[in-house]
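For reference, the structure is listed below as structure tokens.
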Amino acid sequence: MSVSLSLSGQTALITGAATGIGRAIALKLSQAGARVVINHLNQPQEAATLVQAIKGAGGQAVAISADVSDSAAVQRLVAEALHTVGDLHILVNNAGIIQEKPFLDT
């Protein structure tokens, strides 16, 4: 069963969106008609490639680098997103880290 979802006129901010699950979410939301703000940290090439893929498919996207573990950076991220794309309607808090140590030490 396929469900059709229209997000036309909506803007989504996706943290950790340059690669992996965040990238897939950004693509799906864009395909549903949402403008997407691609947040990334230290992955400018991957984010730029995703922006171009979305734009190439007729969507709207912008990439903004920010460390979501830093509250001042998050405030700047939101301010820049609002200035660039207008209102934000959807937040996908996807950013995460990889810690290579035993689970009990985490």
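Assorted remarks:
- Taken residue by residue, region 38-47 has at least one member that is among the charged types (D, E, K, R), part of a helix (DSSP H, G or I) and in contact with a Ser or Thr (Cβ under 9 Å, 6 or more places away or on another chain).
- Pick from region 64-78, criterion small (Gly, Ala, Ser) and surrounded by 11 or more Cβ atoms within 10 Å (Cβ to Cβ), ranking: farthest from Thr15 (Cα to Cα): Ala73
- Residue match in region 36-46 (condition: more than 10 Å from the chain's Cα centre (by Cα), free of Cβ contacts under 8 Å to residues at least 60 places away in the same chain and closer than 19 Å to Gln10 by Cβ): no
- Filter result for Leu77 (at pLDDT 95 or above, under 19 Å from Leu29 (Cβ atoms), of a type in the set (A, V, I, L, M, F, W, C) and in a loop (DSSP other than H, G, I, E, B)): no
- Filtered by the rule that a residue be in contact (Cβ under 8 Å) with a residue 24 or more places away in the chain, over 14 Å from Ala81 (Cβ atoms) and assigned to a helix (DSSP H, G or I), region 17-28 gives Ile21, Gly22, Arg23, Ile25, Leu27.
- In the condition set (1) in a strand (DSSP E or B); (2) more than 21 Å from Ser8 (Cβ to Cβ), Leu104 is compliant with all but (1).
- Screening Gly59, Gly33 for residues that are on the phi > 0 side of the Ramachandran plot, surrounded by 14 or more Cβ atoms within 10 Å (Cβ to Cβ) and either part of a loop (DSSP other than H, G, I, E, B) or out of contact with any strand residue (DSSP E or B) (no Cβ under 6 Å at 6 or more places or on another chain) (or both) leaves exactly one candidate, Gly33.
- Residues (of a type in the set (Gly, Ala, Ser) and touching a helix residue (DSSP H, G or I) at 6+ places or on another chain (Cβ under 6 Å)) located in region 36-76: Gly59, Ala61, Ala63, Ala66
The values are calculated or read from the model by the stated rules, or taken from the named source; none is laboratory data. Quick caveat: nothing in here was measured; it's all calculated off a predicted structure. When we count neighbours, we look across all protein chains shown, and the Cβ atoms used for this are built from the backbone with ideal geometry, even at glycine.
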